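The next block holds one structure in the form of structure tokens; read it before the comments.
What follows draws every value from the coordinates through simple rules; no lab data is involved. Every value quoted in this text rests on a predicted model; they were computed, and no experiment measured them. In this analysis, Cβ positions are derived from the backbone assuming ideal geometry, glycine residues included, and neighbour counts consider all displayed protein chains.
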Amino acid sequence: MFARRTDWNLSTNRYSLALEKARRDGRTLLDLTASNPTTVGLSFEGERILRSLQHPRALEYEPASKGILSAREAVSSYYAARGIELLPEQIILTVSTSEAYSYCFRLLCDPGDEVLVPSPSYPLFEFLADIQDVKLVPYELVYDQGWQIEFESLARAITPRSKAIMVVNPNNPTGHFTRAWELERLNGLCGVHELALVADEVFLDYGLTDEQPMSFASNEGALTFTLSGLSKICALPQIKVAWIAASGPKALVKAALDRLDVIADTYLSPNAPVQWAIPELLETRGEIQHQLRERALRNLRELDMQLAAAKMTTRLALDAGWYAVLRIPATRSDEDVAIELLEREGVLIHPGHFFDFPGAGYLVVSLIAPEENFREGISRVLRAIDAQH
């Protein structure tokens, strides 16, 4: 009765079962996986946000396929603040970056075509691709005093059915962002193999070092689709709006936008109140981003201070984002370690295999968790790992 594309293994994994049991038992848990910015004790401009959703013109229906012009102009201004000139005509609004991926996959891929994706990276991509009948082919990010694209792995992964290279910039969870030399090589591969670039930049504004991430939205060397939205930019995942920004060779961009216009006209996804609110909502980003960056930096300093006394745990370098990757002895599976930390220490932490890390020995920790929880949770994690070895 059901489509093969939805024939997923929906059984609950061991980690989730352990978490369900802990919650049934009423245990108090320290959550070091926190990713929802609305639940970690930040201060939002609540009245301003709610007022923005009461725009008088929200009662009118304007079937604009790419999105209401004032909303797209506001997105253009967001990029202009980074020194990037994008016309509103180059921007298409979507409900979410997930829907933006759907538009890109539909634009570029026939059933069975391939998109190259970084590993490690965010686990949602597999489901998005399955729903669109697209095959994901991984390429490696390698670590050597910092993360970078392993271009031999990427080149080997390209086949006649490859249609696009996906880049997560900055990467979730490694915190790596693409350097200029990497972009140059990506453009070269795209030119030789007639590939597009799809760049997920939801964490672009959360650089944690003096070197700030560059945006793919200014890329002219290959047909490029840059994805972002309010979920991370304004820390408002409940207000569903995102976008695709198209750039690259003019003829290819025009052809892509003409087709995307039809796709967007078919769905007409973002609702009017949210679209009219976008200019005001984007103006709130500065303060909430400052809070998130400061929280992440303070938790990172706390982590490094505790790691200085730890015997068996180190962290990998990161440039941006909300997560840190811990390296532990690879004597057991990451899932076994995470379950033991949950059951014995009352700490939630991501096992590395959730993000397709190679082999065992990786844990992923959120840097936006409330600071007291973070301090105590990290203390328990490091103490337990040292005790095991």
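For this structure, a couple of remarks:
- A helix-only calculation puts the chain at -12000 deg cm²/dmol for mean residue ellipticity at 222 nm, using -39500 (n - 2.57) for each DSSP H run of at least four residues, averaged over all residues.
- Helix 272-283 and the longest principal axis of the C-alpha atoms of the chain enclose an angle of approximately 60°.
- Counting 0.36 nm for each residue step from LEU59 to GLU126 and taking away their Cα separation leaves a gain of 20.4 nm.
- Residue among ARG315, ARG259, ARG23 with the largest mean-square fluctuation in a Gaussian network model of the chain, springs linking Cα atoms under 10 Å: ARG23
- Given their separation in residues at 0.36 nm each and the Cα-Cα distance between them, ARG332 and TRP181 gain 50.7 nm when the chain is fully extended.
- Considering only ARG295, ARG57, ARG106, the Gaussian network model of the chain with Cα springs below 10 Å gives its largest mean-square fluctuation to ARG57.
- Point-to-point label distance, GLU152-ARG23, nm (Cα→Cβ direction, 7 Å offset): 4.5 nm
- Calculation over all alpha carbon pairs of the chain in 20 angstrom steps from 0 returns a P(r) of 27, 57, 16, 0 percent.
- For segment 274-335 versus segment 38-114, the inter-centroid distance based on Cα atoms is 25 Å.
- Of the residues SER11, SER119, SER269, the one that moves most in a GNM of the chain with alpha-carbon contacts below 10 Å is SER11.
- Fraction of beta bridges assigned by DSSP in the chain that are antiparallel (%, nearest 5): 55 percent
- Compactness ratio for segment 159-286: Cα radius of gyration over 2.2 N^0.38 Å (N = residue count) comes to 1.13.
- Net +/- balance of residues flanking PRO138 in space, Cβ distance below 14 Å, scoring K and R +1, D and E -1: -4
- Nearest 10 degrees, 0 to 90: helix 285-307 Cα axis against the chain principal axis: 30 degrees
- Each 10 Å bin from zero holds the following percent of Cα-Cα pairs in segment 57-284: 8, 35, 38, 17, 2, 0.
- Counting DSSP beta bridges with both ends in segment 57-284, the antiparallel % (nearest 5): 40 percent
- Among CYS109, CYS104, CYS234, the ranking by other beta carbons within 10 Å of each residue's beta carbon, starting with the fewest, stands as CYS109, CYS234, CYS104.
- Anchor LYS135: lysines whose Cα lies under 22 Å away (excluding residues fewer than 8 positions away in-chain): LYS163
- Helix 97-108 and the longest principal axis of the Cα set of the chain meet at an angle near 50°.
- Cα-based shape type of segment 14-145, given that a ≥ b ≥ c are square roots of the gyration tensor eigenvalues and the cut on a/c is 1.5: oblate
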